[in-house]
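Structure first, commentary second.
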Amino acid sequence: MTMPALTLPGKTPNAARPRRLHRPLDERLLYGACVLVPVVALVLFFLLPLGTIVWRSVLEEEGGVGLANYLALFRTPGILRAVGNSLLVGGATTVVCLLLGFMVAYAVQRTRIPGKRFVAAALSLPLLAPSLVLGLGLIFLLGRNGLVSNLIGTRLNIYGFPGLLIANVLYALPQAVLIIQAALRQSDARYYDAAEVMGATRWQQFLGITLPNVKFGLLSAGFVVFTVTITDFGNAVTIGGDFSVLATEIYNQVTGQMRFGIGAAVGILLLLPTGIAVYIERVAAQRQFGTASESALAPVPDYVPMRDIPLFLATMTLALSIVAVVATVVFASFVRLWPYRLDLTLKHYSITLSGGYDPLWTSLAVSAGAAAIGTALLFALVLGLRRMPPGVAKAVYLLAVLPVGVPGLVLGLSYIFAFNLAGTPLHMLYGTVLLLALCNFYHYHTQGFLTMVTGMRAVPPALEEAASCLGGGVLRVLGDVVVPVMVPTLLSVFFFLFMRSMVTLSAIIFLVTPSTNLAAVTVMRLDEAGFVSQAAAFSTCIMAAVAAAALAMRGALSLATRRKVA
Amino acid sequence: MVEFAGKSLLAGVVLMGVAVLPAVAQAGTLTVYTALEEDEIADYVAAAKKDLPDIDLKVLRLSTGDLGARMLAEASNPQHDVIWGWAVTNMLDPRVMALVEPYAAKGSDALPAAYKGADASWFAATGYMAAFCVNTELLKAKNLPVPTSWKDLTNPVYKGEVVMPNPVSSGTGYLQIAAILQSQGNEKGWQFLKTLDGNIAQYIKSGSKPCKSARSGEFAIGASLAFAAIKSVEEGFPLKMVIPTDGAGYELEASALMKTSKNKEDAKRFLDWTLSPKAAALYTKYKEIVTIPGAPVAKAAEEAGLPADVQKVLYPMDFAKSAAERDAILKTWQGSIGR
Amino acid sequence: MDLQIKNLLKTFDGFVALDRINLTVEEREFVCLLGPSGCGKTTLLRIVAGLMPYDTGELLMGGRDLGAVPARDRGFGIVFQSYSLFPNMTVAENIGYGLKIRKAPGDRIAARVKELLELIKLPQLADRYPWQLSGGQQQRVALARALAVDPSLILLDEPLSALDARVRADLRAEIRDVQRRLGIPTIMVTHDQEEALTLADKVVCMNHGLIEQVGTPQDLYLRPRTRFVADFMGSSNLLPTGWVRDAMPHLLPGRPNGAENAYEACVRPERVAVAAAAEGEGRVIDLTFLGNIRRLRLSWRGRELLAETHQDPGVGPGAAVDVSVAADACAWVRA
């Protein structure tokens, strides 16, 4: 390429060219690595396995490659009904979860009701309880021979849609509250002051200021709730009765008839609603206004009896209901023969399975690993995303939220397909606890990612800029500025991943080996062997272990921060 | 600074990877996949370890369906040496047969032909039966008689109190309807199933759950597995096990050697052991059907009132047929009865 | 309507934030609450707005007691330093918000919004969102929004502090202009004395929860009554009585009676006349050139003095000068 002579009389060529903003090399490398490493991991541990599912879905029974599986799926009797049911229960659960979730998040964040810690603890119960506990608890309480039924005197029938709705809400609600709360945390008292002086009533302020500003959080939460509901089959199998949903179709195909083709096709199809939900959420997020400012004043909650008393009652009722479901199962684990002989005993706590309580320790290790790796990767990813050009950022965002659309069963299978190939370097990982940890992390990647993103909005760019202008290198800025602001978010992501990893079942059934067994699988085995009370006992131990670990971690953290301040 | 961080990260990852490498399979290690029940596995494995002390026996137990899915998913690189005690209806699937190497275990020549593969690709030492789990307390409260047969279940008095497994997702459910269809013939069989459907409250996704529902009082009658019934009775639930007099479905538990096993010698020794008299004696403690001739009477069968030679009351199931027709039967079921 | 504040007391956990404040804002008056951070001016503003309760005292608007009236019923308008525009609404929706919640008909809202956009000279921005506007534009919109409901009182909480100097000057003029035209009584909180001087009809200088002095800008500048006011309203030379007696005895007659240390003489730098004189007693320490004025630091009769002049005094550092102060150029302030 020939360049025309640029010289002007008296000027040197260089002076005419504008200089680009020079970011130091290590900063660019760091942010690049921040995005690159998690993305490569996502590709390896999510996209690649997912690709094997896509492959299986087009691998026809006769051996050719084509869409025969998809066609067969549509010709399966009852499939339309299953699709309709899935959408129905997904939609209903989303509506209920958004309403209840907002109510709880608002009550905790913006009012002065007492008992907030109890509510927070109650809400985390469904997250740290194996899904068996929720299903069992509901049946013990509300089943045809449940406590409530016997109290009232009729045989309540919650199998089918009603029971499935309740079970799904129980499971998804805590995840929704996590996200909505993060959104509610960011607000400025001055909006409310201005509106107040202008004559707006509390109700008008709520409708005009509070609600619009959590739109993003509500959408994110709705997206998560919808997708985890339509991909769930644990609840559908336990309490769904004859209410067939799309996700159980996978179960039918894969577990009932050992056929992967149609099951894989359903798995891929389930990504569709996820994709649509992501699109809706992103489009709406375009209109998200402003990040928090560094001088944002958090609104100070007042006591408003007319609002607070009903909120308190409703929130407490919800919290107590959740506790009741779990407590019933814990109680049943101490009962000799539920529901016939109610004398208390500890006999169910001696686990008769070979290995006893060992899987519990393995699970703790795996979960700690999943949580640590997961939180670090997510933090790096979200941090690096802030500096990426919008096109790249959008693509990475889409990739990061896709995992929620893949049912656990499908994910577990895909890991076998991807990592059980003899001769490939990936085969090294097959059968290891590391792979278990990674599988659990990627299963819940979306929820962790969204929570991290919402929390990162609270870190204003000005903070980082101020620190770097003061001479701080990139790592200093991160350590001194970003991390402290992000601590609540980092903690909640860590605990979420930890809790879910302890109890998730559907994916890891396919990855446990005789030498690496996990607690959730033990619960399943006990249940299938008919030792339901032992399963309840073991579940109680899992919940206790998780609660203890959580308390220990929090204690250690507060000790560490206290020492820093002193 | 970044380079150092990068290097130490890499080192950490390598270390972690090495630390979690699975032990390389050595001679003397045997990996067994099984669908047998938990408590019997514990018993059998303890005995096997005594008889075969030099074999490091590693057992993975999953339910019938889960195990099948896992094995087929791992088909390109199987991780196990032996399949032990798995539903024969599933074993006969050509994709599984393709993974298996025929081996005439010591003692298999004594087994009747119905209990082994013609080409010695599999053999079954035990089997399990379907049975009704009947909640006597609930029936008494509702003043209902105890059913004794499938036909009894179509009695309108039981409407809404009967549950059975969904054949589409549960092998137990499938074996129950296959038994009905084979014993009554296709036309009469489908008609019967349709009539029965009127009384069924739910088709439960898993095979053992109907029994659990019945024993906890959710429903009065659950069509499930005999072992589940026996166990519940043992634990003290107000449950009675009823083996239907017309068409009690049953399944054989087949074992086979994997073609890809790296330890065929030990695998064969183990398979031989599963047909040994010691093993046979253990089986009778748990199973309703023990195929090994000369084995003592199965305790469970005795309690259920079955004759010593169970084969007499069992309808001679054509397992190959029920395996081959599975797809078609299930499609018909889903179309005409499925909810 | 006028606003009367009588004996207003506000404490926070024992700390006295406002110590029996008495103040009146007349109709059409522009009052500035001036003082350093922590003096209580924002607290006072928030109490007037109704956003904060007070301990004792009276707050009367047009004779009506506001004590029991919540903020939303007082009919005032408020503009904050920043971030008060609702981010989820356009400029037009923001301005029309007050009318909307009063259920005014749509066309009336539209007409009023248009009127106000013209008033603040931003008719083309009606459909923009706050994050699309510059700081100055946002504050103008905030002002329009406050005016939209015909408030009986306007409250401004440091509205210009977050803006850059040029924008600040423009906006300052605009605020004054609008207020004069509409005649709505206004209270503005600021820590910038220049703002107070240019905008206010009445300046209330506050310190530590107390009012130090109330008066016109001229009053506070030329006749400060306390040391704090003298120091806060521009720079000054504060001269102790003893030294004045020795060096400038002609200033003494204006001194109120009182203890030796009770009062100091405040002489503004521009009233210190400096002339080059070969035998002058004063010495120029240094000279700062500020464009239109020159600031000189002088040493004279044992004291360092600050002088300002528009003319070129024709002296440089170290030069000898004559220093003189006219007899009426001094105000005696409480020390």
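With the whole protein complex present, C:ARG245 retains an accessible surface near 110 Å², based on a 1.4 Å probe. Put simply, the amide H of A:GLU60, placed in the peptide plane, has neighbours under 5 Å in A:VAL65, A:GLY66, leaving out anything fewer than 5 places away on its chain.
Between the amide H of B:LYS262 and any residue lying 5 or more places away or on another chain, no distance stays under 5 Å, with hydrogens modeled in the peptide plane.
Solvent-accessible surface of chain A, averaged per residue with a 1.4 angstrom probe and all protein chains in place: 41 square angstrom.
Enter the angle in degrees (range 0 to 90, nearest 10) between the Cα long axis of helix B:277-286 and the first principal axis of the Cα atoms of chain B, meaning the one along which they spread out most. Between helix and principal axis, roughly 50 degrees. Counted as membrane-span-like here are DSSP H helices of chain A whose alpha-carbon atoms extend 24 Å or more along the helix's own axis and whose Kyte-Doolittle mean is 0.0 or above; these are A:25-42, A:79-110, A:161-184, A:305-333, A:358-385, A:483-503, A:532-565. In this label model, C:LEU182 and C:GLU26 are separated by 2.1 nm, measuring between points 7 Å along each Cα→Cβ vector. Computed from phi, the 3J(HN,Hα) profile of the range C:21-27 under the Karplus parametrisation 6.51, -1.76, 1.60 (θ = phi - 60°) reads 8, 10, 7, 10, 10, 6, 4 Hz, with x in place of Gly and Pro. A Förster radius of 60 Å, combined with the Cβ-Cβ distance separating B:SER149 from A:LEU398, puts the computed FRET efficiency at roughly 0.55. Residues within the reach of a label modelled at B:ALA98 (point 7 angstrom out along Cα to beta-carbon, backbone nitrogen below 12 Å), restricted to the range A:49-90, are A:60-64.
Which of rounded, prolate, oblate describes the protein assembly as shown, given a ≥ b ≥ c as roots of the alpha-carbon gyration tensor eigenvalues and a/c under 1.5 marking rounded, otherwise prolate only if a/b is larger than b/c? Prolate. Extending 7 Å from Cα along the Cβ direction at A:LEU99 and again at A:VAL65 yields two label points whose distance is 4.9 nm. Toward the positive end of the charge dipole of the range C:89-244, about the Cα centre and with charges on Cβ (Lys, Arg +1; Asp, Glu -1), which of C:SER235, C:ILE109, C:LEU143 goes farthest? After comparing all options, I get C:ILE109.
Kindly compute the accessible surface that chains B and A hide from a 1.4 Å probe when together, both sides summed, and give it to the nearest 100 Å². For B against A, buried area totals roughly 5500 Å².
Across the range C:137-148, coupling constants 3J(HN,Hα) worked out from phi with the 6.51/-1.76/1.60 Karplus curve, θ = phi - 60°, read 5, 4, 5, 5, 5, 4, 5, 4, 4, 5, 7, 4 Hz, and Gly and Pro carry x. Here the range B:149-183 is scanned for amide nitrogen atoms under 18 Å from the site 7 Å beyond the Cα of A:THR154 along Cα-to-Cβ, giving B:160-161.
Accessible area per residue (1.4 Å probe, heavy atoms of protein chains only) ranks C:ARG297, C:ARG334, C:ARG112 as C:ARG334, C:ARG297, C:ARG112, with the largest value leading. Rounded to 0.05, the FRET efficiency of the A:LEU559 and C:LYS6 pair, given R0 = 45 Å and the Cβ-Cβ distance, is 0.25. When a/c is below 1.5 the answer is rounded, else prolate if a/b is larger than b/c, else oblate, so apply that to the range C:28-177 with a ≥ b ≥ c taken from the square roots of the Cα gyration tensor eigenvalues. Here the range C:28-177 falls in the oblate category. Burial annotation for the range A:403-428: residues with an accessible-area loss of at least 30 Å² between the isolated chain and the complete set of protein chains, computed on heavy atoms with a 1.4 Å probe, are A:ILE416, A:ASN420, A:MET428. Shape of the range C:212-312 from the C-alpha gyration tensor: oblate (a/c of 1.5 or more and a/b not above b/c, with a ≥ b ≥ c the square roots of its eigenvalues). Placing dummy labels 7 Å off each Cα toward the beta-carbon, the span from B:GLU265 to A:ALA372 is 4.2 nm.
Return, ordered by residue number, the residues of the range B:279-294 whose backbone nitrogen is under 18 Å from a label point located 7 Å along Cα→Cβ of A:THR352. Counting backbone N atoms under 18 Å from the label point, the list is B:282-288.
Share of carbon and sulfur in the accessible area of the protein assembly as shown stands at 61%, probe radius 1.4 Å.
A 1.4 Å probe over all protein chains sorts C:ARG301, A:ARG110, C:ARG46 by accessible area into C:ARG301, C:ARG46, A:ARG110, starting with the largest. Taking 31 Å as the cut-off for C-alpha to C-alpha distance, list the pairs among A:LYS347/B:LYS262; B:LYS205/B:LYS321; C:LYS100/C:LYS121; A:LYS347/B:LYS50; B:LYS106/B:LYS151 that go past it. Going by Cα-Cα distance, A:LYS347/B:LYS262; B:LYS106/B:LYS151 fall outside the 31 Å limit. When the helices of the protein assembly as shown are scored as -39500 (n - 2.57) per DSSP H run of n ≥ 4 and the total is divided over every residue, the value at 222 nm lands at -15500 deg cm²/dmol.
Amide H to amide H distances under 5 Å link B:SER149 with B:THR245, where only residues 5 or more positions off or on other chains count and H is placed in the peptide plane.
When B:ARG326, A:ARG554, A:ARG457, A:ARG117 are compared by accessible area of protein heavy atoms, the largest-first order is A:ARG117, A:ARG554, A:ARG457, B:ARG326, using a 1.4 Å probe. When the GluC sites (Glu not before Pro) in the range C:1-95 are filtered for DSSP coil states and for at most 15 other beta-carbon atoms within 10 Å of their beta-carbon, the remaining sites are C:GLU26, C:GLU27. Here the 3J(HN,Hα) profile of the range B:33-47, calculated from phi with Karplus coefficients 6.51, -1.76 and 1.60 at θ = phi - 60°, is 9, 9, 10, 5, 6, 4, 5, 6, 4, 4, 5, 4, 5, 4, 5 Hz, Gly and Pro shown as x. Here the extension length gained between A:ILE309 and A:GLU27 equals 96.4 nm, from 0.36 nm per residue of separation less the Cα-Cα distance.
The values are calculated or read from the model by the stated rules, or taken from the named source; none is laboratory data. Quantities reported herein were computed from a predicted structural model and do not represent experimental measurements. Backbone-built Cβ (ideal geometry, glycine too); neighbour counts: all protein chains shown. These area figures cover heavy atoms from the full protein model, side chains too; ligands, DNA and RNA do not enter into them. Shrake-Rupley method; radii C 1.70, N 1.55, O 1.52, S 1.80 Å.
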